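Take a look at the structure set out below.
The values are calculated or read from the model by the stated rules, or taken from the named source; none is laboratory data. Fair warning: this is a prediction, and the values are worked out from it, not measured in the lab. Here the Cβ positions follow ideal geometry from the backbone for every residue, glycine too, while neighbour counts run over all protein chains shown. Accessible surface is based on the protein model in full, side chains and every heavy atom, while ligands, DNA and RNA are left aside. Shrake-Rupley method; radii C 1.70, N 1.55, O 1.52, S 1.80 Å.
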Amino acid sequence: MAALTVSISERSVVLGEHVIPGRWLRDHGDDIDSLNPDSKQRLTDTFGIDPQIAPAAVHVDGAWLSVDWSDGVRTGHDLDRLLAVASSRRSLWPRTGSGFTLPAGVDLWDSPAEATWFDFGVLDDDAAWTEALDHLRRFGWAAFDGAELGEESTMRLAKRIGYPRASIFGTVWNMNSGSFEHQDSAYESFALDVHTDGTYSHDGPGTIVFAQQLKTGEGGDSVLVDGFAAARDFQAQNPEAADLLTRYAVTAHYVEPGVHLVAERPPLRVDEHGTLVQVSFNNYDRSPVLPDEGLVDDVIDAYNGFRAVFNDSSRALVHPWQPGRVLVFDNWRCFHGRTGFSGERRFKGCYTNHEDLEGAYRVAGLI
Ligand SMILES: [Fe+2]
């Protein structure tokens, strides 16, 4: 490391032969204020970074690079990791065509009405269940009230859609505030930005079932956003940026003792016909990958631009919880998040695969 020269050039940091744009580097600190040291989830406020941010001073101490920034923040960087990232920059995936079309037969929503509820008893009636399933197909979510507490009703709903998926969290898992069964921001009590789950999985969960078991205190509502409607609007607003997000793969990771998952895909994934099939976005779990020279600003602008569209609170369907309520949504279409809360909040959760969800639609004659 002794031979490595580190300097500042305009708004970039120069590491030996690598020119690393400050705007990217400011977002990728390895220090404890930038990155959770256990889960490796991002703590930096990516979207608050000034595009014109510049390094003011750099300092190398062994394998650690410290950078003082024009916004007064200091970040720290593991030089070995940074050099590895800088040595394998990412280009765009080739594909024919550009942009995307939306799948037929779905009802995109921008300014949702209040949540509507099916009685959980519809699971016992094929015709009523088909109606609930059609709501899920059209809008990307379905909400139920009156479920018995405990694991069984969560399992029953998941089985109506497909087979409950075994994941790193278990099959039917507990998500209880403050228990930290896994090193994930989901177990904290702060507001959680809307995101999709499993960006670190090659086959991201198709549906997510949440069933509330206990609630004390205030807040903690679930928030859903129609990712397909947001993608449509983003494309109308900025077609080049939307096209870029169909070609630029974002890498994500999940880390806890004994587990290290990594996957990558474009935030807007299209099929071979150019139809949008999946949105993926989780800024907490995004891994450090440096775009090709000349592509950095375009990628960051597109990523931040899409987020600005889908993160608009006017798009949010707020789902207030009480024990006995269950929510199922399409994780390939809807973003989900949660408002901050006080007190205790306990859930059962379960994933199913998207192919099974599609299969359930076919079996019910809905597609
Ligand atoms: Fe989540």
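Listed values, structure above:
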item	result
Every residue from region 329-348 that is farther than 15 Å from HIS195 by Cβ and surrounded by fewer than 23 Cβ atoms within 10 Å (Cβ to Cβ)	GLY340, PHE341, SER342, GLY343, GLU344, ARG345, ARG346
Residue identified as in contact (Cβ under 8 Å) with a residue 60 or more places away in the chain, in contact with an Asp or Glu (Cβ under 7 Å, 6 or more places away or on another chain) and within 13 Å of the ligand (Cβ to nearest atom) among ILE161, ILE208	ILE208
Matching entry among ASP226, ASP221 (being among the charged types (D, E, K, R) and open to solvent by 10 Å² or more (accessible area, probe 1.4 Å))	ASP221
Qualifying residues in region 160-199 (those that are of a type in the set (Gly, Ala, Ser) and crowded, with 20+ Cβ neighbours inside 10 Å) - the one farthest from ASN304 (Cα to Cα)	SER177
Some residue of region 280-294 being aliphatic (A, V, I, L, M), in a loop (DSSP other than H, G, I, E, B) and in contact (Cβ under 8 Å) with a residue 40 or more places away in the chain	yes
Test: residue in region 235-250 that is among the acidic types (Asp, Glu) and away from the ligand (no atom under 16 Å from the Cβ)	yes
Among the candidates ALA147, ALA158, residue that is in a loop (DSSP other than H, G, I, E, B) and of a type in the set (A, V, I, L, M, F, W, C)	ALA147
Tally of residues being within 20 Å of ASP298 (Cα to Cα) and among the hydrophobic types (A, V, I, L, M, F, W, C) across region 7-52	7
Restricting region 317-337 to residues that are part of a strand (DSSP E or B) and away from the ligand (no atom under 15 Å from the Cβ), the residue that is modelled with the highest pLDDT	VAL326
Any hit, region 342-350, residues being in a helix (DSSP H, G or I), in contact (Cβ under 8 Å) with a residue 24 or more places away in the chain, hydrophobic (A, V, I, L, M, F, W, C) and touching a Phe, Trp or Tyr at 6+ places or on another chain (Cβ under 9 Å)	no
Residue in region 216-223 that is on the phi > 0 side of the Ramachandran plot, among the small types (Gly, Ala, Ser), within 15 Å of the ligand (Cβ to nearest atom) and in contact with a strand residue (DSSP E or B) (Cβ under 9 Å, 6 or more places away or on another chain) present	yes
Scope region 262-300; condition over 24 Å from TYR200 (Cβ atoms) and open to solvent by 20 Å² or more (accessible area, probe 1.4 Å); matching residues	GLU272, HIS273, THR275, GLU293, GLY294, ASP297, ASP298
Selected residue [within 23 Å of the chain's Cα centre (by Cα), more than 30 Å from ALA230 (Cβ to Cβ), away from the ligand (no atom under 16 Å from the Cβ) and not acidic (Asp, Glu)] from GLY99, GLY178, GLY150	GLY178
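Table: residues versus (1) on the phi > 0 side of the Ramachandran plot; (2) free of Cβ contacts under 8 Å to residues at least 40 places away in the same chain.
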| site | (1), (2) |
| --- | --- |
| VAL73 | no, no |
| ARG81 | no, no |
| ALA84 | no, yes |
| PHE100 | no, no |
| PHE118 | no, yes |
| ASP134 | no, no |
| GLY140 | yes, no |
| PHE144 | no, no |
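Results for (1) open to solvent by 40 Å² or more (accessible area, probe 1.4 Å); (2) of a type in the set (Val, Ile, Thr), shown as yes or no for each residue.
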{"position": "LEU35", "(1), (2)": "no, no"}
{"position": "ILE53", "(1), (2)": "no, yes"}
{"position": "TRP64", "(1), (2)": "yes, no"}
{"position": "TRP69", "(1), (2)": "no, no"}
{"position": "ARG74", "(1), (2)": "yes, no"}
{"position": "ASP78", "(1), (2)": "yes, no"}
{"position": "ALA86", "(1), (2)": "no, no"}
{"position": "LEU102", "(1), (2)": "yes, no"}
{"position": "ASP110", "(1), (2)": "yes, no"}
